Amino acid sequence: MLAMDYRGPYRIRAAHKPEPIIEHPNDAIVRVERACICGSDLHLYHGLVPDTRVGMTFGHEFIGVVQEIGSSVQNLKVGDRVLVPFNVFCGSCFFCQKELYGNCHNTNPQATASGGMYGYSHTGGGYDGGQAEYVRVPMADVGPTIIPADLHEDDAVLLTDAYPTGYQAAEMGDIKQGDTVVVFGAGPVGLFAAKCAWFFGAGRVIVVDHIDYRLEFARHFAHCEIVNFKDVRDMAEHIKKMTDWLGADVCIDAVGCEASGNAMQSLTGRYLMMQAGAATALHWAINSVRKGGNVSIVGVYGPTFNAVPIGSALNKGLTLRMNQASVKRHLPRLIEHIQAGHIDPKQVITHRVPLEEVSDAYHIFSAKLDNCIKPVLIPPGSSARH
């Protein structure tokens with residue numbers, strides 16, 4: 001089969017690999033119809049995630065058709081069209097029973113924090129991802145969700161990560177009616193977080209980024225105010241000036257470890273790797289939120305040390321909430337949102353690229369060329385090509 005093949009930082013290609021096989025009675029093999037490139041895939045691409053091994057296939061956002069099932073699979077049949085949450089989870093452990101599917105205790109035994117994830121290095125369990133013609137889906141009775149007949153495939157693929165993560169970012173902010181919400185980052189997750197903030201009753205939504213085309217997209221997609229941080233001398237002061245000198249009620253970090261905006265953070269977190277990513281957006285969130293406010297973190301950071309102003313968070317009485325999104329928990333509500341016309345997730349897809357050109361797709365997305373917001377890879381033979 002054709003699949004994305006990691007050869008080292010900034011080096012990927014489309015290569016022929018053996019097709020996956022059923023390894024456990026509860027496995028399924030899915031023929032991929034669409035696979036997104038996620039902003040967190042770029043952390044792998046840039047060499048910032050430990051134990052990303054040569055030969056791995058990335059891709060934790062994908063949908064497809066069930067090609068084969070193991071002998072114990074009961075909830076799927078061959079031919080079902082499914083969306084597959086990025087979490088690999090068992091559905092029965094202590095954490096899954098609490099619907100913390102991103103923290104499953106059984107699918108990533110080498111980790112003490114997150115559960116398994118498709119295509120996200122061996123720190124995520126070492127599962128190959130969906131930027132390929134076929135993918136092995138473990139725990140097939142609990143993860144995959146059959147795509148409703150009236151749901152567009154482009155909307156379905158965004159339900160595997162980006163839209164649920166943005167929604168959970170807003171949910172964790174505990175937004176109250178009339179709150180001012182600031183979202184740092186105008187990538188797909190930040191866009192969905194800003195859009196979903198309105199669902200929870202926000203009275204004002206502000207998106208911060210430094211790339212003009214992304215900010216303009218945010219203005220129209222999320223109906224929000226925008227701030228280009230390159231035009232701002234001090235972010236916390238600027239947000240306070242916009243909010244009667246109190247600060248925002250809720251700040252959301254939808255950027256993570258590759259944030260721009262602070263030379264020292266970039267040097268220590270992105271280039272010298274003295275900390276697990278540049279925590280610039282997290283600093284801004286903590287410093288820009290009002291006393292007693294909420295900070296929601298969905299931007300990806302490494303599992304080791306980060307220079308974070310925890311003293312400021314303590315003295316301001318802040319509530320910090322963060323996690324990998326528990327996609328399966330959100331799906332019923334998010335599908336309802338789409339079916340009711342409250343949101344059109346596929347609007348964020350700007351590029352559809354054949355899987356054979358995966359290297360170009362990563363370059364375009366990474367370098368933010370051609371006004372790229374969200375690229376989708378189309379494998380050979382997919383119905384999306386026709």
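The values are calculated or read from the model by the stated rules, or taken from the named source; none is laboratory data. Please read these numbers as outputs of a predicted model, since none were measured by experiment. Cβ: placed from backbone, ideal geometry, glycine included. Neighbour counts: every protein chain shown. Only protein heavy atoms, including side chains, enter the accessible area calculation; ligands, DNA and RNA are left aside. Shrake-Rupley method; radii C 1.70, N 1.55, O 1.52, S 1.80 Å.
Name the residues in the range 258-304 that are on the phi < 0 side of the Ramachandran plot, open to solvent by 30 Å² or more (accessible area, probe 1.4 Å) and not in a loop (DSSP other than H, G, I, E, B), would you? Hits for the range 258-304 are Glu258, Ala263, Met264, Leu267, Arg270, Tyr271, His283, Trp284, Asn287, Arg290, Lys291.
Between Phe62, Phe86, which is within 16 Å of the chain's Cα centre (by Cα), buried (at least 24 other Cβ atoms within 10 Å of the Cβ), within 18 Å of Arg352 (Cα to Cα) and aromatic (Phe, Trp, Tyr)?
Phe62
For every residue, the table says whether it meets (1) touching a Cys at 6+ places or on another chain (Cβ under 6 Å); (2) open to solvent by 10 Å² or more (accessible area, probe 1.4 Å); (3) over 26 Å from Leu100 (Cα atoms).
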position	(1), (2), (3)
Ala169	no, no, no
Lys176	no, yes, no
Phe184	no, no, no
Val207	yes, no, yes
Ala222	no, no, yes
Ile226	no, yes, yes
Lys230	no, yes, yes
His238	no, yes, yes
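Contact map, the range 333-359: first residue touching a residue at least 24 places away in the same chain (Cβ under 8 Å) and under 18 Å from Asn371 (Cα atoms), second residue in a helix (DSSP H, G or I) and among the charged types (D, E, K, R), Cβ cut-off under 7 Å, separation 6 or more or different chains; pairs are Pro345/Asp155; Lys346/Asp154; Lys346/Asp155; Ile349/Asp154; Val353/Asp360. Scanning the range 98-115 for residues that are free of Cβ contacts under 8 Å to residues at least 40 places away in the same chain and farther than 20 Å from Leu48 by Cβ gives Lys98, Cys104, His105, Asn106, Thr107, Pro109, Thr112. Scanning the range 330-356 for residues that are open to solvent by 60 Å² or more (accessible area, probe 1.4 Å), in a helix (DSSP H, G or I), over 14 Å from Leu191 (Cα atoms) and not acidic (Asp, Glu) yields Pro332, Arg333, Gln339.
Could you please find all residues in the range 2-25 being open to solvent by less than 40 Å² (accessible area, probe 1.4 Å) and closer than 12 Å to Met56 by Cα? Steps first, answer last, please.
Step one: of the range 2-25, the residues open to solvent by less than 40 Å² (accessible area, probe 1.4 Å) are 2-6, 8, 12, 14-15, 17, 20.
Residues satisfying the conditions are Ala3, Met4, Asp5, Tyr6, Gly8, Ile12, Ala14, Ala15, Lys17.
Scanning the range 81-98 for residues that are within 18 Å of Tyr134 (Cα to Cα) and assigned to a loop (DSSP other than H, G, I, E, B) gives Pro85, Phe86. Being surrounded by fewer than 22 Cβ atoms within 10 Å (Cβ to Cβ) and closer than 17 Å to Val137 by Cβ is the filter here, so list the residues in the range 30-44 that pass it. If the condition is that a residue be surrounded by fewer than 22 Cβ atoms within 10 Å (Cβ to Cβ) and closer than 17 Å to Val137 by Cβ, then Arg31 is the only one that fits.
Residues are listed down the side, and each one gets a yes or a no for (1) in contact with a helix residue (DSSP H, G or I) (Cβ under 7 Å, 6 or more places away or on another chain); (2) farther than 17 Å from Pro332 by Cα; (3) part of a loop (DSSP other than H, G, I, E, B):
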{"site": "Asp150", "(1), (2), (3)": "yes, no, yes"}
{"site": "Tyr167", "(1), (2), (3)": "yes, no, no"}
{"site": "Val181", "(1), (2), (3)": "yes, yes, no"}
{"site": "Phe192", "(1), (2), (3)": "yes, no, no"}
{"site": "Ala197", "(1), (2), (3)": "yes, yes, no"}
{"site": "Val205", "(1), (2), (3)": "yes, yes, no"}
{"site": "Leu215", "(1), (2), (3)": "no, yes, no"}
{"site": "His220", "(1), (2), (3)": "no, yes, no"}
